[in-house]
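Written below as structure tokens is the structure these notes are about.
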Amino acid sequence: MVIAELKKGTEQKMDKSVQAFKADLGKVRTGRAHTGLLDHVKVDYYGTPTPLNQVAKVILLDARTIGVTPFEKKLITTVEKAIREADLGLNPTTSGDTIRLPMPPLTEERRKELIKVVRHEAENARVAVRNLRRDAIHHLKDALKKHEISENDERRALDEMQKMTDRHIADIDRLLADKEKELMAV
């Protein structure tokens with residue numbers, strides 16, 4: 001019973017670590033435009049920081065351009081300012097009531113820089129997964145000391161924790177490899 005709860009909790013936390021890494025990868029820009037790039041941009045909507053997609057329609061105009069159309073015309077300058085301040089390396093231009101965000105092409109140097117950033121994020125995710133494994137092992141050792149579980153149960157659970165950790169780290173490595181390939185594609 002103790003082991004099942006511990007495994008379930010640890011598995012969920014490891015899954016969250018992998019999902020967080022996946023979300024971080026989504027923020028790293030490749031040469032192509034995608035609307036997810038603006039997901040974390042907050043607009044000052046009457047004094048309240050509000051996600052961009054709640055005050056404007058965000059669409060792809062073409063493969064290298066994102067279009068943002070605020071629901072209220074008077075928000076155009078506010079939205080433009082929020083995008084500039086998000087530090088995404090984008091230069092918004094307004095035409096009518098639509099803000100256009102052309103994606104600048106990535107230089108070789110910038111691609112290598114982004115790969116370093118992505119690898120650092122991957123290492124952070126791996127460390128998070130290993131820390132969760134360490135915590136789970138600590139709980140198993142405590143349960144063994146308190147005679148809540150047998151030595152055989154503990155040994156089996158430790159093996160399962162290691163397999164769970166290996167599986168999640170493999171997921172992180174696969175996501176990293178995919179992102180590196182995407183970044184190096186011209």
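Worth pointing out:
- Pairs from the list 16/181; 27/73; 74/179; 42/179; 8/179; 27/74 with a Cα-Cα gap above 31 Å: 74/179.
- When only alpha carbons are used to place a centre, the stretch 38-76 and the stretch 100-163 end up 34 Å from one another.
- Both the radius of gyration and Dmax for the stretch 35-102 are 10.6, 34 Å, in that order, over alpha-carbon atoms.
- Among residues other than residue 102 with Cβ under 11 Å from its Cβ, the summed charge is +1 (Lys and Arg +1, Asp and Glu -1).
- Among the trypsin sites (Lys or Arg not before Pro) within the stretch 101-184, those in coil by DSSP and having at most 16 neighbouring Cβ atoms inside 10 Å are 146.
- Candidate aspartates and glutamates - alpha carbon under 14 Å from residue 141, same-chain residues fewer than 8 apart omitted: 151, 153, 154, 159
- For the stretch 18-143, the Cα gyration tensor yields ellipsoid semi-axes of 36, 20, 10 Å (square root of five times each eigenvalue, largest first, whole Å).
- Sites listed here are GluC sites (Glu not before Pro) in the stretch 102-171 whose DSSP assignment is loop and whose Cβ has at most 16 other Cβ atoms within 10 Å: 148.
- The chymotrypsin sites (Phe, Trp or Tyr not before Pro) of the stretch 1-86 meeting both criteria, a DSSP state outside H, G, I, E and B (loop) and at most 13 other C-beta atoms within 10 angstrom of the site's C-beta, are 46, 71.
- Within straight-line cross-link reach of residue 13, lysines at Cα separation under 19 Å, skipping those fewer than 8 residues along the same chain: 22, 163
- By the count of other C-beta atoms within 10 Å, a proxy for reagent exposure, 17, 150, 95 are ordered fewest to most as 95, 150, 17.
None of the figures in this text is laboratory data; all of them are computed from the coordinates on show. Quantities reported herein were computed from a predicted structural model and do not represent experimental measurements. Glycine also receives a Cβ, built like all others from the backbone with ideal geometry; neighbour counts cover every protein chain displayed.
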